[in-house]
Amino acid sequence: MQSKQESIKMAGNLLKTSSLTVRAKLLHQTGLIFKKNQQFPGGSVDLKKEDSGIGILTLNNPSKMNAFSGFMMLQLLEKMIELENWTEGKGLIVCVAKNTFSSGSDLNAVKALATPKDGMALCMFMQNTLTRFMRLPLISVALIQGQALGGGTEVTTACDFKLMTTDIPSWGSATHLVEILGARQALKVLSGAVHLNAVKALSMGMVEEVLRSSDKADCLQEAQAWLRQFTKGPPEVIRALKRSVSSDKELCLEEALQIKKDLVGRVWGGPANKEVIARKGKQNLISRVTKYQVLQ
């Protein structure tokens, strides 16, 4: 469990590289999140930086289907800042400890952050983290195995490319999915009208390739080999290329994130949200809230 002193040190590190305006907002958000998320440790976000210039980012909380604990949310932002400053880095693979990519946020943290204010603060905090993720000067690949729901899906859509094994039973998140698929196809996926499997995801353009193996070690080797085709040049060239491509996406991004934040504030802590938590738990919560967002 992280100590209070370590939490304060981490908070300081997270804020050092932000602009004054963003820093002020993050300071407020981080204070709100620390007060409640310190109660929800568990799991880790692990980063291994290889000499080849490829990083391996692992979501490690298998006892809870790799759900994000409060501590993991903070760690994810810390790893983004570390990767921003990795001058020798060229590529990044995001994977998980076992065969479930991520079931979203830890249900205990979701229950504790019960008010619209809490929900919006958490949303803003994670939006900042995932925006930094998308802006990383690294070519990123999500290695998707098993379920990808809520915050887990947000991480995959923040990646430049997605590789998938044959065992993906569900997909639940709106952010950036419209950009990937278009409005009509995204609506089909999110509403459940399309039964999504690896072959369908490939044909719809959600993923670049379906991997041959479902074994974690073999999949990771396949993903590394696939990513190498993009990382043959020197780091400064790869990083400049990625920055150039990322900048072309920024005009629409800020507006989309504001809309998502407003939707979270409208739904979080409402009757439907509380009913689903009490009745069927986290998976149904993600499904119902996501559908509610799409219909607004």
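The values are calculated or read from the model by the stated rules, or taken from the named source; none is laboratory data. Please read these numbers as outputs of a predicted model, since none were measured by experiment. Positions of Cβ are generated from backbone atoms using ideal geometry, with glycine treated the same way; all protein chains shown enter the neighbour counts. Each accessible area value is taken on the protein alone, full model and side chains, heavy atoms only, with ligands, DNA and RNA left out. Shrake-Rupley method; radii C 1.70, N 1.55, O 1.52, S 1.80 Å.
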Taking region 58-74 and keeping only residues that are within 14 Å of the chain's Cα centre (by Cα) and under 17 Å from residue 146 (Cβ atoms), one is left with 58, 59, 60, 66, 67, 68
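Quick check, is residue 166 open to solvent by 30 Å² or more (accessible area, probe 1.4 Å), at pLDDT below 80, of a type in the set (Val, Ile, Thr) and over 18 Å from residue 58 (Cβ atoms)?
It is true that residue 166 is open to solvent by 30 Å² or more (accessible area, probe 1.4 Å), at pLDDT below 80, of a type in the set (Val, Ile, Thr) and over 18 Å from residue 58 (Cβ atoms).
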Pairing a residue in region 145-173 that is farther than 17 Å from residue 188 by Cα and in a strand (DSSP E or B) with any residue that is at pLDDT 75 or above and open to solvent by 10 Å² or more (accessible area, probe 1.4 Å), where Cβ atoms lie under 7 Å and the two sit 6 or more apart in sequence or on different chains, gives 161/208; 162/208; 163/208; 163/209; 163/226; 164/210
* Can residue 145 be described as within 23 Å of residue 242 (Cβ to Cβ) and out of contact with any Pro (no Cβ under 8 Å at 6 or more places or on another chain)? -> no
Within region 62-96, of all residues that are surrounded by fewer than 21 Cβ atoms within 10 Å (Cβ to Cβ) and among the β-branched types (Val, Ile, Thr), the one farthest from residue 216 (Cα to Cα) is 87
Counting only residues in region 209-248 that are over 30 Å from residue 166 (Cα atoms) and not in a helix (DSSP H, G or I), the one modelled with the highest pLDDT is identified as 234
Contact list, first residue from region 112-124 and at pLDDT below 75, second anywhere and part of a helix (DSSP H, G or I), beta-carbon distance below 7 Å, six or more apart or interchain, is 112/36; 113/36; 113/119; 113/122
Check: Of the residues that make up region 23-44, is at least one open to solvent by 10 Å² or more (accessible area, probe 1.4 Å), at pLDDT 55 or above, under 15 Å from the mean Cα position of the chain (by Cα) and within 24 Å of residue 274 (Cα to Cα)?
Finding: no
